[in-house]
Structure formats: structure tokens, C-alpha cells
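Read through the structure below, which is laid out as C-alpha cells, and then see the notes.
Every number here is computed from the coordinates shown, using simple stated rules; none is lab data. Every value quoted in this text rests on a predicted model; they were computed, and no experiment measured them. Cβ sites come from the backbone with ideal geometry, for glycine too, and all protein chains shown count toward neighbours.
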Amino acid sequence: MGFLDRNSERDLMISLRQGDIKAFDELYHRYAKKSMGFALRFFADRYVAEEAVQEIFIRIWEKRRELDESKSFKSYLFQAVKFYMFNFIRDRKGALSFDEVSEETFQMGNSVEEDLHYKEMEAAAMQLITRLPTVQQQVFRMNKLEGLTIQEIASRMNLSKRTIEHHIYLATKTVKSKLRYHMSVSAMIFWGLFF
């Protein structure tokens, strides 16, 4: 357990923008496995998925001064995986074999309809979040949108970790159940950002 593991995502992004390699390492530690799991939804070849995640983190380090710490790092990361996948397919058009890309990728299009559907899903989720009970809404926003850990939220709200976990569970269950009828491949991308 490092000394940065208690820092909020926003604090780490501020430090990262200033060139702090330890902040970068902590963000990598927090999100590399999740990013890999998300990448494997698109790339059947584990090596290609690993390469995608490594390349994305390299780009994050190289463009660290351009990061907006007011936005979710997790959201940025999952969008980066999506764009990497689209660029990978575009750049290898003709040379790409069916085995290299997972089935979901072929169902996805980088079309206006997909982007609109994604925006509709995001708007629907945000609307549902505003309808949650006040404490659930606060906890959900701090965890899923601001990237705070359960411990950080518990400290800020003066509640037990168990209570925070329960609120996150209830909020996630509510939002998931109401969004279920919207599910599509673009929704799966949205899903990865929040859940």
C-alpha cells in the first residue's frame, strides 16, 4: 500500500499534470486491470489488448499536461480504449483477420447513430442518478464520477465503509435495472465507464 493510494483521482491527475511519476504509477495501478478487461471486449487477442492498454498509458504520460483534472480519469481511459480500437481497425483495414477482433467490435460502428445512442444513454443515466435518494446520489457521484474510494467517501460523509458500499450497491442496482432496456454495444461502452 503506497502513500498515494488514499489520494483522490483528481489529486492524482493534478500531480500527474505536474510530471509526478508516482501519481502516474498509482493511476496505472488503479486502472490498468479494468482497462485490460474493457479492451478484451473488443480484441480477442490478449496481446493486442495488452498493447492497446500500454499504448494508451504511454500517451497519457506524454500528453499529461493536457489532461483536464475536472473530468473523470476513468471515463477518459475507457474512451481512449474505444478510440484506440477504432483506429486499430482503420489502420489495419485489409490486413486485419477476423480472429484478432472480438465479435462485439463488428457490431459497433463509429457512426453518428452510435454516438447519439451513447449520449442518450449518458443523459438517461444522469437523469436516473438525480432521482436517487440524496445520500445514494452523493455516494454514487463521488465514487463513479469523481473517482473517490469507499474509504475517502466514508471519511468525508462520516459514515462507515459498509454503509457506503451498501449505498453504492443500491444506486448501481437501480441505475442498471432502469437502463437495461437501452442495452446495445455502445451501451456496453457506457456501462464500462460507470460500473
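State which entries of LYS82/LYS178; LYS71/LYS173; LYS71/LYS178; LYS74/LYS161; LYS71/LYS144; LYS34/LYS178 exceed 20 angstrom in Cα-Cα distance in the structure shown.
Working: LYS82/LYS178 24 Å; LYS71/LYS173 24 Å; LYS71/LYS178 25 Å; LYS74/LYS161 22 Å; LYS71/LYS144 12 Å; LYS34/LYS178 24 Å.
Result: LYS82/LYS178; LYS71/LYS173; LYS71/LYS178; LYS74/LYS161; LYS34/LYS178 exceed 20 Å.
Quick check on packing: order 23-31, 60-68 by the mean number of other C-beta atoms within 10 Å, highest mean leading. Could the numbers behind the result be given before it?
Working: 23-31: 18.7, 60-68: 12.3.
For the peptides 23-31, 60-68, the packing ranking is 23-31, 60-68.
Taking the average, over residues, of other Cβ atoms within 10 Å as the packing measure, peptides 141-154, 124-137 rank 141-154, 124-137 from highest down. Other residues whose C-beta falls under 15 angstrom from the C-beta of GLU66 contribute a net charge of +3, scoring Lys and Arg +1 and Asp and Glu -1.
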